[in-house]
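Comments concern the structure below.
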Amino acid sequence: MTIAWIALPFFIGFSIYLFPKWSRHLALAVSLVSLAYSIFCLVDPVGQTLTLLDSFGVTLMVDSLSGFFILTNALVTLAVIIYCWHQGKSAFFYTQMIILHGSVNSAFICADFISLYVALEVISIAAFLLIAYPRTNRSIWVGLRYLFVSNTAMLFYLLGAVLVYQANQSFAFVGLGTAPPEAIALIFLGLLTKGGIFVSGLWLPLTHSESETPVSALLSGAVIKAGIFPLVRCALMLPEIDPIVRIFGAATALLGVGYAVFEKDTKRMLAFHTVSQLGFVLAAPEVGGFYALTHGLVKAALFIGAGNLPSRNFKELKHTAIATPIWVALAIASFSISGFPLLSGFGAKVLTMKNLLPWQVIAMNVAALGTAVSFAKFIFLPHTAWAGALGAGTGQGSAPTLGISADKANNGQAGYPAMAAAGVAGKPAIALVKPGFWPAMALLLGGLVAANGVYYDAYSWGNVVKPLATIALGWLAYWVIFRSTPVKLPRLLEQFDHLIGVMSLTLLTLFWMVLA
């Protein structure tokens, strides 16, 4: 069953070209199959291990950790397909989406470095094709930039995998424990870069923010986790690896949130927070699967919501009332990622904090405070109950709308900012809402409410009061300090040549950490 499930997305993906009229339905079917398989993984108490090639240690491992990550991929992909249902995407788009979906699933059950290498390389190609799908000069460059950084990282990774095999005559993850220090450093460099971790992951903000809305949701919600899953798996398998993973988790959480609190662009702020939240997953590997699920649902919902705002500029949005239903969707997702009770983000944060080591506590609490500050930007946006907003993009409602999507505005449509600020006939400016917006948001936000039941023990007075106090303090800091601060952090480290240069510095740091 596992082998058939792995092969299905690739078989269906390439078959879409034979049945282009059924592309959406076939893609939907694949995501539903993954959803069913993930539930099977979560309810199976034992799990399973499949050895494909004995002499090379090529192994697949399916357990509850895999189940959480596969469930994340299934729900995010399903929501993106629903969102794109009426947007006229070509068969090529759905083909690449399903191949990407299958490759990400494969990465979540790999327990050896060579199978993982193949999965990550296929992910790079499919992700590049989706990023470059609009075929604009900007999208093609962003896609190529992503591909160059990814392939460079994978060269380091492959060298490390060869050293692991040389030491153990096997590519299995467990061989990392007896591998030479340079093997660990090389493999970790590749995975840290691929997973958007710490300074090696600063390629992520531009890539995720400049992609189309559904692609941004897919990348931040599911795809990026293919790089961090092996780190979580190795930390759980090998106690000597665990401290390195936790250190990078705490450092990444602080780095991402440090950029996010000063960011003035909605999608870039969400992208930096993807970096930060990946740090939370690594900071407590024992509960990383649940946190990854919560983050995937939240981040997909936020990117879809941000893609339907009248502007990407927070300064403009403060003077442009958005539709109350859209604001409610963004606020629910923002509450969840901030750790508000009754949503799964609360349980995930409480569970993570309980599994931290003492030296991590201060750093992760600061990161949690920064998260509350960042998402106050969405929560305190002005909104209106103007009836015309409910029918935007569907022909419903009597009031006029701009009829301009946020994606088109972000691609440089002339005159958009002025129109967005002014509105039409004195009405608030409201972006065109895609027809699939509400079903996709219902799935993602409903998942946040349902996943809240995973950890009932989180609901004690002490656990509830602390996140509420953190959120309140974060909101106060937003209004007093960050709401009007003119600080804008430089993008020097995000430049392509610096991204490649930082890899060498990260490699030296990793080598020193492994020796220590």
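The values are calculated or read from the model by the stated rules, or taken from the named source; none is laboratory data. Keep in mind that this is a model prediction, so the values were computed, not measured. Cβ atoms come from the backbone with ideal geometry, glycine included; neighbour counts cover every protein chain shown.
Please find, within region 146-160, the residue that is nearest to P205 (Cα to Cα) out of those that are out of contact with any Gly (no Cβ under 6 Å at 6 or more places or on another chain) and crowded, with 21+ Cβ neighbours inside 10 Å. Selected residue: Y146.
S115 falls short on exactly one of the conditions (1) surrounded by fewer than 18 Cβ atoms within 10 Å (Cβ to Cβ); (2) of a type in the set (S, T, N, Q); (3) touching a Leu at 6+ places or on another chain (Cβ under 8 Å), and that condition is (1). Criterion applied to T485, T509 was being exposed (fewer than 14 other Cβ atoms within 10 Å of the Cβ) and either of a type in the set (V, I, T) or out of contact with any helix residue (DSSP H, G or I) (no Cβ under 9 Å at 6 or more places or on another chain) (or both), and the one residue passing it is T485.
Of the residues making up region 135-145, those that are surrounded by fewer than 16 Cβ atoms within 10 Å (Cβ to Cβ) and either in contact with a helix residue (DSSP H, G or I) (Cβ under 8 Å, 6 or more places away or on another chain) or at negative phi (or both) are T136, N137, R138, I140, W141, L144.
Report yes if some residue within region 89-105 is buried (at least 16 other Cβ atoms within 10 Å of the Cβ), in contact with a strand residue (DSSP E or B) (Cβ under 8 Å, 6 or more places away or on another chain), touching a residue at least 60 places away in the same chain (Cβ under 8 Å) and part of a helix (DSSP H, G or I); otherwise report no. Scanning region 89-105 turns up no residue that is buried (at least 16 other Cβ atoms within 10 Å of the Cβ), in contact with a strand residue (DSSP E or B) (Cβ under 8 Å, 6 or more places away or on another chain), touching a residue at least 60 places away in the same chain (Cβ under 8 Å) and part of a helix (DSSP H, G or I).
Of all residues in region 482-497, those being over 23 Å from the mean Cα position of the chain (by Cα), part of a helix (DSSP H, G or I) and touching a residue at least 12 places away in the same chain (Cβ under 8 Å) number 1.
Give me a count of the residues in region 428-480 that are basic (K, R) and in a loop (DSSP other than H, G, I, E, B). Total satisfying the criteria: 1.
Within region 473-503, the set of residues being within 30 Å of Y157 (Cβ to Cβ) and among the aliphatic types (A, V, I, L, M) comprises L489, L492, L493, L499, I500, V502, M503. Checked across region 459-472, the condition of being of a type in the set (V, I, T), surrounded by 12 or more Cβ atoms within 10 Å (Cβ to Cβ), over 26 Å from L255 (Cβ atoms) and touching a Ser or Thr at 6+ places or on another chain (Cβ under 9 Å) holds for no residue.
State whether one or more residues within region 378-393 are at pLDDT below 95, part of a helix (DSSP H, G or I) and of a type in the set (S, T, N, Q). The answer is no; no qualifying residue exists. Remark: R268 falls outside the filter, which requires a residue to be in a helix (DSSP H, G or I), touching a residue at least 60 places away in the same chain (Cβ under 8 Å), within 21 Å of L116 (Cα to Cα) and basic (K, R). Does L32 fit the bill of being crowded, with 23+ Cβ neighbours inside 10 Å, closer than 19 Å to L8 by Cα, in contact with a helix residue (DSSP H, G or I) (Cβ under 9 Å, 6 or more places away or on another chain) and among the aliphatic types (A, V, I, L, M)? Answer is no for this residue.
Residues in region 16-66 that are touching a Gly at 6+ places or on another chain (Cβ under 6 Å) and assigned to a loop (DSSP other than H, G, I, E, B): D63 only. Consider region 24-63 and keep the residues that are free of Cβ contacts under 8 Å to residues at least 60 places away in the same chain and charged (D, E, K, R). The one that is nearest to R233 (Cα to Cα) is D63. Across region 207-237, what is the total count of residues that are in contact with an Asp or Glu (Cβ under 6 Å, 6 or more places away or on another chain) and either within 30 Å of T178 (Cα to Cα) or at pLDDT below 95 (or both)? Qualifying residue count, region 207-237: 1.
Is it the case, given these coordinates, that L278 is within 19 Å of I70 (Cβ to Cβ), out of contact with any Cys (no Cβ under 9 Å at 6 or more places or on another chain) and in a helix (DSSP H, G or I)? Criteria met by L278. Residue under question is L293, and the condition is that it be of a type in the set (A, V, I, L, M) and outside any loop (DSSP other than H, G, I, E, B); does it hold? Yes; evaluated as a whole, the condition is true for this residue. When A226, A235, A321, A251 are checked against the criterion of being crowded, with 24+ Cβ neighbours inside 10 Å and either among the hydrophobic types (A, V, I, L, M, F, W, C) or at negative phi (or both), a single residue qualifies: A226. Within 18 Å of the chain's Cα centre (by Cα) and part of a helix (DSSP H, G or I), is that true of S139? So S139 does not fit the description; no.
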